[in-house]
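Trainee: There's a structure below that I have some questions on.
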Amino acid sequence: MKYSLRLKLILAIGIPLILVYMTVLAVDYVMSRHDAIAKMEAYMVEVASSQAKEIDGRLKTVAQISKSSADFLTCFPQQEPDKLDQILTHTILQSDDVYGSTISFESHMRDGQPVDFSPYAFRNSPNTVSNSHQDPTPHEPPKPANTLKAESAAGAASTTPPGTPFATDAHSEELTKNQVHSSKLTYLDIAKAYRYKEFDWYLLPKLQNHPAWTDPYYDSGAGNALMCTYGSPFYENDQFAGVVTVDLSLDGLKEQLAKQAPEGGYLFLISSTGTCISHPNDAYIMSESVFSLASWRKSEELRELGQKMIHGQQGVVRMDCGTRGICWYAYVPVQSVGWSLAVVMDERTVLAGVYHRLNQQFFVLLAGLAIIFVIIVAISAWTTSPIHRLAIAADKVANGDLNAQVENIHSHDEIGQFAQTFNRMVTDLRETVNQRIAESVARKSVERELHVARQIQLSLLPMLRPPFPDRMEFELYADNMAAKFIAGDFFDFWLLDEDRLAIVMADVSGKGVPAAMFMAVTRTLLRTLATAEETPGETLNKVNDALASEDHEGMFVTLFFAHYYVKTGRIVYANAAHNRPYIIRQGTQATLEGDSTGTMCGLFSGMEYEVLETHLDPGDQFVLYTDGVTEANHPTTITDENGEEKEICCMFGDERLGSLLSRIGKLSVGQIADAVIRTADEFRNHEAQDDVTVLVLRRKL
């Protein structure tokens, strides 16, 4: 009779002893864990709140410095350039957090002429940050041509509290006389290299008529420093005269948070949009946000936490941190700028004391099991040997040896089954790793190929103009304007035989690369399946079944497919839920033609598409288009019956398109198509809302 390993251990140790032992440990663990978590939450909230208040205080100090300098210039607006340099020097030296300052004028008189003028001063040796980050819209002065050593007024700066405005010109002269502080500053006029009036740090105070913080950014021009800027407007004769800015270097905040991080945890700071301002992983700073990290980790909990943080909420949450295990987050807002600070601690660190206590209790109780151990020594000698060999093999696998196998275990109990399962698992793991390596190589190859996707897509469209120069019976022109780099709309046309021209107008759901790939599949199916012997409806039946047979994540295509009989002007078509075409009779009157003959392609197999017919006389024109034309829109304000103004969305619509076609019907086919695309683009204020595609066919003979 075979006995399992579990049964042998249960008989040797005894079920009652195990139950009592585990119950004692479980009860003590639950109570200790609850107490440890409660203390940890209170501690994390205290750390986060104190650090947020300190950051808030430093930000308010810098803001007050900017406001005071702006107030001084409002009171004494007419200052010579050397006086402005003294003001900038005094502004920077009031706080070690200030990296630089500029006084940007709306208009400055020079030689009797108004010119742009923006003197800027900054420290030459800020704390260095990683060069891998660049600010997309930096407040970046040009790199200095020379460096001036400004002997700053240490005595005045040390006795003047931050934010104290300049009193008089005599005070400025005193600053000049007391230049004993050996700080190196660089002075330059950024108006000579930048249109500074277009930057946020200038526009926000000007347009809002009050001081404002910019979002954090990397200054890649002067110091490669992480900073944000506070701008305060100043005035002359109650008219806006310019902006005084103070650049706050955020490296000091990062060092502060690193020093104050609790043992086994860390602090991170995000902006009002969720971008990482400070994080122990430098690669995240200014290049990742709490939402991009949530997307990368596929963590809905982290995304919800980010929403709470950017909305200024406060609290404590517990969530899965992936490889770090379970973590606790305590988050509080930084009120003055809309940022948010969070303290993160691993649950393992929080419960380390609990686990330590459990270990102690375990060893105490283990002493009581010493007597029982004498009894099970003989049994464990022959039961643990296979386990030891399993441990050696597992250690080899952990160190990267995927060829390790457990040998010399021939028992038929759980150990033997485990050994066989382990060997099979290692073999499967080795095959999986090799497969993942091959997949990674293939994926990188695909990524390189996607860079040429746009050129490939354009090559799929017939771009020869005119497309059939030797055919005198008709004229044809088509064009496409993509909402993104790659469009989901497409058109196509080709001769089925000497008398029949195939015409396609289609609109794939969605935009971008998925829509472009679906478009390529649809075009290929049409080119492959369309024949002169089958009607357009029969061709669409096959195309729909082919598309619906594959899982395309719910994608579909609306499609208009027609056979145009060149000699007679007859048009036989099938319309898969696409926009109805227009016919311009003799270039004067545009009317909608026909209706949909079936649902969109790609959703349901087995659909039947009917065919309709129409006819073109010489001089008539047939116009196909996508919904990017009729659904072009822009907001407009109307007054309702109660006299209240409200904003509505105004659509281009079929009526406006028909009126346009009636007016331009005598133009050439190319001019008609270009006019429709241009008019729709102007109607939507040149916003990229949807792909726009137009095809115009004119019967000549």
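Trainee: If the only charges are +1 at each Lys and Arg Cβ and -1 at each Asp and Glu Cβ, what is the size of the charge dipole of the chain around the Cα centre, to the nearest 20 debye? Before the final figure, lay out the partial values.
Mentor: Details: 60 positive and 89 negative charges, 452 e Å.
In total the dipole reaches around 2180 debye.
Trainee: Report the Cys residues of the chain lacking a disulfide-compatible partner, meaning no second Cys Cβ under 4.7 Å from their Cβ.
Mentor: By the Cβ distance rule, which asks for a partner under 4.7 Å, the isolated cysteines are 75, 228, 276, 601, 649, 650.
Trainee: Any idea what the relative contact order of the chain is, in percent, if you count C-alpha pairs under 8 Å spaced at least 6 apart?
Mentor: Relative contact order, the chain: 9 percent.
Trainee: According to a simple spin-label model (label point 7 Å from Cα along Cα-to-Cβ), what is the distance in nm between residue 550 and residue 439?
Mentor: 2.0 nm
Trainee: Taking only protein heavy atoms into account and a 1.4 Å probe, give the accessible area per residue of the chain in Å².
Mentor: Working: 35820 Å² over 701 residues.
For the chain, the per-residue accessible area is 51 Å².
Trainee: Oh, and also: Leaving out ligands, DNA and RNA, and with a 1.4 Å probe, what % of the accessible surface on region 257-318 is carbon or sulfur?
Mentor: The C+S portion of the solvent-accessible surface of region 257-318 is 45 percent.
Trainee: From the cross-link list 67/308; 53/298; 197/259; 567/666, which pairs have alpha carbons spaced over 27 Å apart?
Mentor: Long pairs (Cα-Cα over 27 Å): 67/308; 53/298; 197/259.
Trainee: If you don't mind, another one. Binning every alpha carbon pair distance of the chain at 20 Å from zero, what are the percents per bin?
Mentor: For the chain, the binned pair fractions read 13, 26, 29, 24, 8, 0 percent.
Trainee: Would you mind putting 305-313, 637-645, 468-476 in packing order, based on average other-beta-carbon counts within 10 Å, highest first?
Mentor: Highest-to-lowest ranking by the protection proxy: 305-313, 468-476, 637-645.
Trainee: Is the C-alpha gyration tensor of region 616-694 telling us rounded, prolate or oblate? Criteria: a/c under 1.5 is rounded; beyond that, a/b larger than b/c is prolate, otherwise oblate.
Mentor: prolate
Trainee: Mind giving me the nanometre distance, one decimal, between the label points for residue 686 and residue 429, set 7 Å out from Cα along Cα→Cβ?
Mentor: Going from the residue 686 label point to the residue 429 one covers 6.0 nm.
The values are calculated or read from the model by the stated rules, or taken from the named source; none is laboratory data. Just so we're clear, the structure is a prediction, and the values are computed from it rather than from any experiment. Note that each Cβ is placed from the backbone with ideal geometry, even for glycine, and that neighbours are counted across all protein chains shown. Surface areas here come from the heavy atoms of the whole protein model, side chains and all, with no ligands, DNA or RNA. Shrake-Rupley method; radii C 1.70, N 1.55, O 1.52, S 1.80 Å.
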